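First comes the structure, then the notes that go with it.
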There are 2 protein chains.
Amino acid sequence: MTGETGRQGRVTIKAVAKEAGVSVAAVSKVLRNAYGVSPAMRTRVQAAIDDLGYRPNLAARGMRGQSFTIGILLYGLDNPFIADVVDGIHEVTIPAGYKSLLGVGRAKVPIETNLIDTMIDYRMDGLVLIGPRLSPETLALYAPQIPLVCIGHHEPQAVGFDTVNSNDFAGAGLVVKAMIARGHRDIGMISLELGVDHKTNVSDIREAGYLAAMAEAGLAHKARIARVRSVDPAPDDPELRAWLQSPDRPRAVFCWSDIHAMLLVNIAAEMGIAIPDELAVAGYDNSRPAAYSLIGLASVDQDAARIGVETASLLMSRIGGRSDAVHALVTPTLVLRRSI
Amino acid sequence: MTGETGRQGRVTIKAVAKEAGVSVAAVSKVLRNAYGVSPAMRTRVQAAIDDLGYRPNLAARGMRGQSFTIGILLYGLDNPFIADVVDGIHEVTIPAGYKSLLGVGRAKVPIETNLIDTMIDYRMDGLVLIGPRLSPETLALYAPQIPLVCIGHHEPQAVGFDTVNSNDFAGAGLVVKAMIARGHRDIGMISLELGVDHKTNVSDIREAGYLAAMAEAGLAHKARIARVRSVDPAPDDPELRAWLQSPDRPRAVFCWSDIHAMLLVNIAAEMGIAIPDELAVAGYDNSRPAAYSLIGLASVDQDAARIGVETASLLMSRIGGRSDAVHALVTPTLVLRRSI
DNA sequence: AGCGTCGTGTGTAACGTTACATGTATAACC
DNA sequence: GGTTATACATGTAACGTTACACACGACGCT
């Protein structure tokens, strides 16, 4: 022991109390903006906090009360959509005094559950899950343990947690209508292979929106969905190449994601297929390379920042005690570019 | 109180001890693989842990001992380099029983310091900083508080922490040599505006490597560096456009980053400048869109995964008690593509 | 037999914070 | 003037874990 301040020179609530000449309980109240503290006391304690450079120990905090930290679970880092969502979340949480820590789930169930467990074990105040691979049953298991809001998980009947999504149904409709306006009638779709919980995936909702828009335009008989296996295909993906070579390839195609749409545009260029004259393409996400003039990919913009803001607001109110479930939809827009 | 198990039904070390018929101290020892526990006791406790589905409370753990968690500070999420680095880190840390949580610093000093504080306050066992904007002085202040390894921060004389970097000096040399092999002599560079701590930035080391390689080839008089202001330029960045229009534009250009190189390739295409016949371009990072056939950008590959592995190994040994500083360099390779 | 040593196991005081139950003044009412 | 609110401040028991000091029996050595 080196004396008064403890071995690491770390400033604790005790030191602040001593410096300000008040009790630790009083300091704690000031820190939490709790009821029953006079303005005089508040300023005195605040001065001591500033003088000593005190920072609360989050681990200790988490043992008794709130930690003022939220956890965000992502499926990956290489996605501009996620970057914007996170920015949107911070726009709300940082002014509210919350910090956030992220975990990368790599779209694998064991990693995701492990990370969620970690976040719960750290006594975080709430969790945002972006595109979780977890089943509704698993989520229902976690929901009672911690305030939860999911993005990119369509489950409007869920009761224990909130969801925020782009209106994927409407977004697909925007694309189909724009293509019809361009004179196309033979419009196909490229989607993901069906998963086990496929009713909750964004790609499935986009499929439904596509089919509905086609039907509404009297083109139900033309509608067809090709499914690719890989979420993250290589630049020379054989599935996409095969699709482009197939004899009954449609005249226009709506891709569930920019990743596939951009690859399609590139492989088509290699194969000498003219875009959009021989094949019109539209994607989803309006990611940065879609705007490159060499790519020029029309794409649906989800308004990721707004999704983030909406999500964070819901999480804040849920941490505040709300228990009824809210399921919000954010309206997307279509960014027209050369490829359509 | 609802009775035996506590209000939230959460399983504590106490419950495990009771179930196994031993003391809490014994359970704690088993959890930490500490000395002084018989095989019989170990199996008995482990069985109880599995039966009850016990998970240690990290907040409580962090108050006394290790939390088995490391923090990773990133500057942003929209970068494939970072994604690969993080994967490399996990390759080492996960088998070692460590979890990791990320923070996004947005390349802003106050956010970065805030996040590092948070991670320290959570009693994490170690920190990885990827491309921190912090000054050597600030880092020296943090280093005594927590094991630290930096990526993308060149400070080979630092004593309190380790660094792992791509050999940016050599990477720049690879590009210059490849361009000379293609017959170019008029080779320029596009770099970042100088920051205050510019001796530690990767862009500055790449500049030095570029200048050295030019000098070595007897082209020192041809060498010139243009500096752009924005780290994250818009698709129609006026600075890059102006550079392309300038009368003394070089015949070939090495860009410090793919972000700028790809934009350059696109704006050049808009302006009718033929790549590589009128202008050869090479970037740094070998990011995914660089491989798109429509872009075809030659780029230096940093071997991000290896950097991650190296970093994690250093952090583990530093957590284990090592205190001398290691400064590792990873050898990059150049991926040749059409643009050069 | 007596004395250290070793291998195992237990009891319990921290760790830094919050929540709750108690004070203790001062003001407000009959 | 005595009771009752009201507002503020304090003392202290948790929270779940680890680290430390210690107890206990068995063993090997003089």
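The values are calculated or read from the model by the stated rules, or taken from the named source; none is laboratory data. In this text the structure is predicted, and so the values were computed from the model without any measurement. Heads up, the Cβs are rebuilt from the backbone with ideal geometry, glycines too, and the neighbour counts pull from every protein chain shown. For the accessible areas, the whole protein counts, side chains as well, though only heavy atoms, and no ligand, DNA or RNA atoms are used. Shrake-Rupley method; radii C 1.70, N 1.55, O 1.52, S 1.80 Å.
Can you give me the angle between helix B:258-271 and the longest principal axis of chain B, using Cα atoms only, in degrees from 0 to 90, rounded to the nearest 10? Helix B:258-271 sits roughly 40 degrees off the main axis of chain B.
Summarising the amide proton neighbourhood of residue B:150: residues at separation of 5 or more, or on other chains, whose placed amide H is nearer than 5 Å comprise B:129, B:162, B:163, B:164. 3J(HN,Hα) along segment A:131-138, derived from phi through the Karplus expression 6.51 cos²θ - 1.76 cosθ + 1.60 where θ = phi - 60°, amounts to x, x, 8, 5, 6, x, 5, 5 Hz, with x in place of Gly and Pro.
In terms of the mean number of neighbouring beta-carbon atoms within 10 Å, the peptides A:203-211, A:137-145, A:185-193 order highest first as A:203-211, A:185-193, A:137-145. Relative contact order of chain B: 18 percent, from C-alpha pairs under 8 Å at least 6 residues apart in sequence. Shortest first, residue B:271 label-point distances to identical copies amount to 3.5 nm, with the label point at 7 Å from Cα along Cα→Cβ. The GluC sites (Glu not before Pro) of segment B:239-340 that DSSP puts in a loop, and whose beta carbon has at most 15 other beta carbons within 10 Å, are B:278.
A simple rule links phi to the HN-Hα coupling: the Karplus curve 6.51 cos²θ - 1.76 cosθ + 1.60 with θ = phi - 60°, which for segment A:215-222 gives 4, 4, 8, x, 10, 3, 5, 8 Hz, with x for Gly and Pro.
Given axes a ≥ b ≥ c from the Cα gyration tensor, I'd like to know whether segment B:256-340 is rounded (a/c under 1.5), prolate (a/b larger than b/c) or oblate. Verdict is prolate for segment B:256-340.
The Kirkwood radius of segment A:13-56, taken over pairs of alpha-carbon atoms, gives through the Stokes-Einstein law at 25 °C and 0.890 mPa s a diffusion coefficient of 247 µm² s⁻¹. From the convex hull of the Cα coordinates of the protein assembly as shown, what is the mean projected area in square nanometres? Result: 34.6 nm².
Shielding by partners for peptide B:95-108, expressed as the average number of C-beta atoms from other protein chains within 10 Å of each residue's C-beta, is 4.
Sorted from shortest to longest, the distances between the residue A:215 label points of this copy and the other copies are 7.2 nm, with each point 7 Å from Cα along the line through the beta carbon.
The dipole here belongs to the protein assembly as shown: it is taken about the Cα centre, uses +1 on the Cβ of Lys and Arg and -1 on the Cβ of Asp and Glu, and is about 1880 debye. Rounded to two decimals, the Cα radius of gyration of chain A over 2.2 N^0.38 Å is 1.25. Return one number: the angle in degrees, 0 to 90 and rounded to the nearest 10, between the long axis of the Cα atoms of helix B:304-319 and the longest principal axis of the Cα atoms of chain B. With rounding to tens, the tilt is 40 degrees. Say the dipole of the protein assembly as shown comes from +1 at the beta carbon of Lys and Arg and -1 at that of Asp and Glu; which of B:176, A:102, A:13 then lies farthest toward its positive end? So the residue we want is A:13. Projecting the Cα atoms of A:76, A:53, A:265 onto the dipole axis of chain A, where Lys and Arg carry +1 and Asp and Glu carry -1 at the beta carbon, places A:53 farthest toward the positive end.
The charge dipole of segment A:168-302, taken about its Cα centre with unit charges on the Cβ of Lys, Arg, Asp and Glu (plus for the first two, minus for the last two), comes to roughly 400 debye. Between 0 and 90 degrees, the angle of helix A:39-52 with respect to the longest Cα principal axis of chain A falls at about 80 degrees. Expressed as a whole percent, the proportion of Cα-Cα pairs in segment B:168-301 lying more than 27 Å apart is 11%. Label-to-label distances for residue A:247 across copies, nearest first, come out at 6.1 nm, using points 7 Å from Cα in the beta-carbon direction. For the pair segment B:240-306 and segment B:108-149, the centres of their Cα atoms are 34 angstrom apart. The orientation-averaged projected area of the convex hull spanned by the Cα atoms of segment A:69-182 comes to 8.4 nm².
In this view, the solvent-accessible surface of residue B:241, computed with a 1.4 Å probe and all protein chains in place, comes to about 70 Å². Between amide H atoms placed 1.01 Å from N, distances below 5 Å from residue B:300 occur with B:283, B:284, B:285, B:286, B:335, all of them 5 or more places distant or on a separate chain. Amide H to amide H distances under 5 Å link residue B:99 with B:69, B:70, where only residues 5 or more positions off or on other chains count and H is placed in the peptide plane.
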